[in-house]
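What follows is a single structure, written as structure tokens, with notes after it.
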Amino acid sequence: MRRVYAIVEGQTEELFLNDVLAPALTSRRVYPYPILLGGKGGHTSYARVQMDVLRQLKQDLSAYCTTMLDFYGLGGNFPGTPLPPNLSNLDKVTHIEQAVSADIITQAPGLRADVRFIPYLQLHEFEGLLFSDPPAFARGINQSNLAGQFQSIRNGFPTPEDINDSPTTAPSKRVLQLCRSYRKVLNGTQAAMTVGIEAMRRECRHFREWIERLEKLG
């Protein structure tokens, strides 16, 4: 049995860990426990992330720690920023994840952070995962009439993780433009359950690689 404390930035990710990801991992004897950033979620500054990760590594020496934080709107002062030019979306997040890992290892000597800490940034935000199956996404928010429009958005990018991150075209912003009643916590969680973890794994490489790392802990 492996305990994995997951630092998340909001209730949506907290519910996703509990209701969607946990059932997929417990069969591998891996048990994720979401922890709201700073105890209440919200703004993702690196100072808050670093404090929470180090706290978990110190409090439970037999457990692991990961993160589930949106790359979109990432707070300032993260290791690895500003980013080098001309990186792919995947390379952007892996660059920052590697820099964060190096910092935590430096800050936590003797705590085996090189093994026990698995940083993960979601490209570009939680809603990107929902575009893994646009018709299921539409059904999950009780808006089946939007399936075609959701599919058109998905078809415009190589993968759901490439749906971009400007203030008007990030995944959640695109959803809100089509469905003004969309509520991230309530509707997003239900949609994630409808889309399902297997579709997300199939369509989203970075997400899949994170899940595979967690599964191997068991």
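The values are calculated or read from the model by the stated rules, or taken from the named source; none is laboratory data. Being a predicted model, the structure only gives us computed values, none of them experimental. Neighbour counts are summed over all protein chains in view; Cβ atoms, including those assigned to glycine, are modelled from backbone coordinates with ideal geometry.
Annotations
- Criterion applied to R174, R154, R205 was being of a type outside the set (V, I, T), out of contact with any Lys or Arg (no Cβ under 9 Å at 6 or more places or on another chain), at pLDDT 95 or above and under 29 Å from V30 (Cα atoms), and the one residue passing it is R205.
- Residue match in region 79-88 (condition: within 19 Å of the chain's Cα centre (by Cα) and either over 23 Å from E161 (Cα atoms) or in contact (Cβ under 8 Å) with a residue 60 or more places away in the chain (or both)): no
- Scan of region 183-204 for residues that are in contact with a Gly (Cβ under 8 Å, 6 or more places away or on another chain) and under 16 Å from P135 (Cβ atoms), ordered by number: N187, Q190, A191, A192, M193, T194, V195
- Tallying residues that are surrounded by 21 or more Cβ atoms within 10 Å (Cβ to Cβ) and either among the basic types (K, R) or free of Cβ contacts under 8 Å to residues at least 60 places away in the same chain (or both) within region 15-33 yields 0.
- Residue tally, condition within 23 Å of K184 (Cα to Cα) and either surrounded by fewer than 18 Cβ atoms within 10 Å (Cβ to Cβ) or aliphatic (A, V, I, L, M) (or both), over region 1-14: 4
- Strands (runs of 3 or more DSSP E) wholly inside region 1-77 containing at least 2 residues that are more than 17 Å from S101 (Cβ to Cβ), aromatic (F, W, Y) and over 13 Å from the mean Cα position of the chain (by Cα): 30-36
- The residue that is surrounded by the fewest Cβ atoms within 10 Å (Cβ to Cβ), among those in region 162-218 that are touching a helix residue (DSSP H, G or I) at 6+ places or on another chain (Cβ under 8 Å), touching a residue at least 60 places away in the same chain (Cβ under 8 Å) and of a type in the set (D, E, K, R), is R202.
- Pairs with Cβ under 9 Å, 6+ apart, first in region 89-106 and without any contact (Cβ under 8 Å) to a residue 24 or more places away in the chain and of a type outside the set (D, E), second surrounded by 17 or more Cβ atoms within 10 Å (Cβ to Cβ) and part of a helix (DSSP H, G or I): S101/A113; I105/A113; T106/A113
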